[in-house]
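Enquirer: This structure is in structure tokens; I'll ask about it shortly.
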Amino acid sequence: MVWGTGGAPGRSTVALNLAVEQALLGQRVSLVDADSYGASLASMLGLLDETAGLVRLCRLVEAGTFQAQADSAASARVDIAGASLHFTSGLPRPERWAELSAQAVKRALLALAETHDEVVVDVAAPIGRDDELALDSFAPQRNDAAVAALEAADRVFVVGRADAVGLPRLIRLCEEVVQRPGRPPVVVINQLRAQASGPRPEQALRVAWRRFGPITLMPRVYLPWDPVAADASLLQGSALAEAAPRSPLRLAIRDWVAAQQAESDTQSHAGGAASAPSGIPYPTPAAHATEGLTTG
């Protein structure tokens, strides 16, 4: 589950490119847009945003007619940079949120997980519940899709912006997350740049987090501000791996996914014991920029 703060921290960009990089490593990947406030993945992929794929997927699962590998009105195969994704679009209009119940979404995600190595779910920021509606256990909730994804997720990535507005929002969100049961999420700092955080942005953010943030959720992933690559990706309706393969942002996400894969392989060889995320060092944005220059 790719979650995060409000204010456009880049949740959908992270989710899309995370899924593509996993697929490029040979994983069977399903990408699901479960943002019930502003679904955007279909537009980012250059697809017509007219079908509520997630709603159709939930109906197929409930009816017992769901076939994970089949292209349908609920989902389709998307080919990017030599990799293939199973993609389920979100709501074309946010007012259709009531068509997504928590139980239906959770069953749909678990059905996808049975036939895919990775299911990447992009959700909206809010997960609060309406106390008045909660008295009726059958009444749909505005944030059911995000809550269902949170309950079903094996891993949660919390994305926030690296600036004076985004960082306090991320810290407040993480203070709430730390009180929830389950495996702690991985905190992802996006749009890292010296203009917003000082000449040594990663070091400055670490110092600020130690002072104000929950120390158990120290950010582990830092993604650089790369508007040129992001714009090229949107313009082409594709992922960074195809639109800007040597960009610092793409290289950062690629190496992050490779580190995750190495960690998973290590745990599998050790007997599959579950543990908190290890301290795998992710390359800094400066290192990615250098790599892009030397190999390009």
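Enquirer: Would you mention how many residues in the stretch 200-210 are of a type outside the set (Gly, Ala, Ser) and farther than 14 Å from residue 225 by Cβ?
Expert: Number of matching residues: 6.
Enquirer: If we only count strands (runs of 3 or more DSSP E) wholly inside the stretch 141-260, which ones have 3 or more residues that are hydrophobic (A, V, I, L, M, F, W, C) and at pLDDT 95 or above?
Expert: It comes to 157-161, 186-192.
Enquirer: Next question, about the same structure. Looking at the stretch 1-33 only, could you name the residues that are under 16 Å from residue 86 (Cβ atoms), assigned to a strand (DSSP E or B) and of a type in the set (Gly, Ala, Ser)?
Expert: Hit for the stretch 1-33 is 30, nothing else.
Enquirer: Look at residue 66 and say whether it is assigned to a loop (DSSP other than H, G, I, E, B) and either modelled with pLDDT of 95 or more or not β-branched (Val, Ile, Thr) (or both).
Expert: Here the answer is yes, as residue 66 does meet what is asked.
Enquirer: Another question, then. Would you confirm whether or not the stretch 177-200 contains a residue that is surrounded by fewer than 18 Cβ atoms within 10 Å (Cβ to Cβ), touching a residue at least 12 places away in the same chain (Cβ under 8 Å) and β-branched (Val, Ile, Thr)?
Expert: Yes, the stretch 177-200 contains a residue that is surrounded by fewer than 18 Cβ atoms within 10 Å (Cβ to Cβ), touching a residue at least 12 places away in the same chain (Cβ under 8 Å) and β-branched (Val, Ile, Thr).
Enquirer: A follow-up question, please. Only one of these conditions is not met by residue 36: (1) among the hydroxyl-bearing types (Ser, Thr, Tyr); (2) assigned to a helix (DSSP H, G or I); (3) surrounded by 24 or more Cβ atoms within 10 Å (Cβ to Cβ). Which number is it?
Expert: (2)
Okay, residues lined up against (1) under 18 Å from residue 3 (Cα atoms); (2) exposed (fewer than 14 other Cβ atoms within 10 Å of the Cβ); (3) in contact (Cβ under 8 Å) with a residue 60 or more places away in the chain:
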residue: 97; (1), (2), (3): yes, no, yes
residue: 107; (1), (2), (3): no, no, no
residue: 126; (1), (2), (3): yes, yes, yes
residue: 150; (1), (2), (3): yes, no, yes
residue: 158; (1), (2), (3): yes, no, yes
residue: 167; (1), (2), (3): yes, no, no
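Enquirer: Among (1) within 20 Å of residue 153 (Cβ to Cβ); (2) surrounded by fewer than 17 Cβ atoms within 10 Å (Cβ to Cβ); (3) at pLDDT below 90, there is one condition residue 75 misses while meeting the rest; what is its number?
Expert: (2)
Enquirer: Restricting to the stretch 46-59, count the residues that are farther than 11 Å from residue 92 by Cβ and buried (at least 20 other Cβ atoms within 10 Å of the Cβ).
Expert: Of the residues in the stretch 46-59, 2 are farther than 11 Å from residue 92 by Cβ and buried (at least 20 other Cβ atoms within 10 Å of the Cβ).
Enquirer: Further, regarding this structure: If I ask for residues that are among the basic types (Lys, Arg) and farther than 18 Å from residue 57 by Cβ, which ones from the stretch 6-46 would you list?
Expert: 11 - this is the single residue of the stretch 6-46 that is among the basic types (Lys, Arg) and farther than 18 Å from residue 57 by Cβ.
Enquirer: All but one of (1) part of a loop (DSSP other than H, G, I, E, B); (2) under 16 Å from residue 149 (Cα atoms) hold for residue 58; which doesn't?
Expert: Every condition holds for residue 58 apart from (1).
The values are calculated or read from the model by the stated rules, or taken from the named source; none is laboratory data. As the structure is a computational prediction, the values presented were derived from the model and not from experiment. Neighbour counts are summed over all protein chains in view; Cβ atoms, including those assigned to glycine, are modelled from backbone coordinates with ideal geometry.
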